[in-house]
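So the structure is just underneath, and the comments pick up after that.
No value in this document is a laboratory result; all are computed from the given coordinates. The model shown is predicted, which means the values in this text are computed figures rather than measured ones. Positions of Cβ are generated from backbone atoms using ideal geometry, with glycine treated the same way; all protein chains shown enter the neighbour counts.
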Amino acid sequence: MIPYKKVLDTMQPYKPGKPIEETKKEYGLTEVIKLASNENPYGYSPKVAEWLRSEQQLLQLYPDANATTLKETLASKNGVTPEQLIIGNGSDELISIISRSMLDETKHVLMATPTFPQYVHNAKVEGASFTEIPLKDGHHDYEKFLQAIQDNTSIVWICNPNNPTGNVLNSAELQAFIEEVPSDILIVLDEAYFEYIMAEDHVDSLEWLPKYDNILILRTFSKAYGLASIRVGYGIGHPRMIEQFNKVRNPFNNNTMAHTIAKIAVEDEEFLQKSRQLNAEQRERFYTFAKEQGLNIYPSETNFVLIETKRDANELADELMKRGVIVRSGNLLGTPGYMRVTIGTEQQNDQFFEAFKQLL
Ligand SMILES: *Cc1c(COP(=O)(O)O)cnc(C)c1O
């Protein structure tokens, strides 16, 4: 018997949604839309497409292990220094780098529930203990978070906006919480949907960086930038923290094409703004639909909504799939009775509303 970590017996590999091609085959459909993984339905910057057509890559060379050019671009865009940045193979990899750098059997971490599952997943792999604090009326329950802090608590994970609920945390309340957390605990602000936030009272957490050495902001190219496949996410924090995490990071964790594409994407502000605007417009249609149909829906500052199903969510997701629409059942996300739907293009959303109406 090969001696794997015991905890693996209690874990499952990531369950991906059914791919489009497989769904077509299984149900004999010619057209299937995927609204299950919060990808950008408008694709990515046309400037990226242009580069992909034109460029000859030097595939025989190792990528720049320091991601120098991409870091310079991101640093200037975010008003930080390159030393404050770490680039991951998606922010998923950064979550595991952070966990691997900090956690073992003696450590404890905190997070909300439901939230992004990778925080718990990585804590388990490292043998750390964890406490999940249930959302209160859909919001982070800071009081309970503070009460749950132990002497060995080393990371507090905050997903903002939260996945799968989609709501953004009030900035003043979040800052008050950060003030209360002991300064030797790392607070990770996972902001995968940052670019979609429209709330006027939202404060960009970058403003807090000079004040708090114990926060790390995670952002990604997978969502609003429309580049989930290139696997680039980044962390912004204090240079001392970044230096530690860089010791754990595999040196060639991103490829050269990904570095270049991410840089081009950052420089195309127009595409980002267009996606953001179209997403906000389409998001309104989901609220209207929910109201008309008498369904509960969470207020979202992201490109997805969590919407009531009025019946078993797995069953509804299966029925929607037969009608060519792939969504994520809330049963898998800790929100039974709800499904998570990525906000698509106008036409994709029409198809979703039509299919859902037939099933209500
Ligand atoms: C999608 C998502 C991620 C992972 O993004 P990648 O950069 O593609 O790894 C991280 N956190 C949250 C909350 C997400 O929804």
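Given +1 on the Cβ of Lys and Arg, -1 on the Cβ of Asp and Glu, and no further charges, what dipole in debye does the chain carry about its Cα centre, rounded to the nearest 20? Present the calculation step by step, with values, prior to reporting the outcome.
Values: 36 positive and 50 negative charges, 203 e Å.
The dipole of the chain has a size of about 980 debye.
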request  = Could you pull the Rg and Dmax for region 152-203, using just the Cα atoms, both in Å?
outcome  = 11.8, 37
remark   = Least to most buried among I297, I2, I343, I187, by other C-beta atoms within 10 Å and fewest first, runs I2, I297, I187, I343
inquiry  = Please report Rg (one decimal) and Dmax (integer) in Å for the Cα set of region 197-294.
reply    = 17.5, 53
request  = Any chance you could list the semi-axes, whole Å, largest first, of the equivalent ellipsoid that the Cα gyration tensor gives for region 156-241, using √(5λ)?
outcome  = 21, 16, 11
inquiry  = If I take every Cα pair under 8 Å that is 6 or more residues apart in the chain, average their sequence separation and divide by the length, what percent do I get for the relative contact order?
reply    = 24 percent
key: Rough spin-label spacing in nm, given labels placed 7 Å along Cα→Cβ, for E243 and I20   = 4.6 nm
task = Determine which lysines satisfy two conditions relative to K25: a Cα distance under 16 Å, and not lying fewer than 8 residues away in the same chain.
result = K34, K322
request  = Would you be so kind as to identify which of I217, S171, N255 lies farthest towards the positive end of the dipole of region 144-288, taking Lys and Arg as +1 and Asp and Glu as -1 on Cβ and the Cα centre as origin?
outcome  = N255
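Suppose every K and R has +1 on its Cβ and every D and E has -1 on its Cβ; what is the size of the dipole of region 187-329 about the Cα centre, in Debye to the nearest 20? Intermediate results must be reported in sequence, preceding the final value.
Details: 18 positive and 22 negative charges, 111 e Å.
Dipole about the Cα centre, nearest 20: 540 debye.
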Per-selection Kirkwood Rh - region 93-204 (Cα, Å, 1 d.p.) = 14.3 Å
task = Report the equivalent ellipsoid semi-axes for region 7-131 in whole Å, largest first, defined as the square roots of five times the eigenvalues of the gyration tensor built from alpha carbon atoms.
result = 31, 28, 15
ask   = Which cross-chain or sequence-distant (5 or more) residues have an amide H under 5 Å from the amide H of D141, H modelled 1.01 Å from N in plane?
value = K136
Ranked packing of 17-26, 122-131, 108-117, most packed first, by mean Cβ within 10 Å = 108-117, 122-131, 17-26
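Provide the three semi-axes, in whole Å and in decreasing order, of the ellipsoid equivalent to the chain as defined by the square roots of 5 times the Cα gyration tensor eigenvalues.
Working from the Cα gyration tensor, I get semi-axes of 31, 26, 21 Å.
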key: Alpha-carbon centroid distance for the pair region 148-181 / region 232-247, whole angstrom   = 19 Å
remark   = Given 45-55, 263-273, the highest-first ranking by average Cβ count within 10 Å works out to 263-273, 45-55
Computed [θ] at 222 nm, deg cm²/dmol, the chain (DSSP H ≥ 4; -39,500 (n - 2.57); rounded to nearest 500) = -11500 deg cm²/dmol
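Which length gain, in nm to one decimal place, applies between A172 and D151 when the Cα-Cα distance is subtracted from 0.36 nm times their residue separation? Write down the numbers at each step before the final one.
Numbers: separation 21, 0.36 × 21 = 7.56 nm, distance 2.62 nm.
Full extension of this stretch gives 4.9 nm more.
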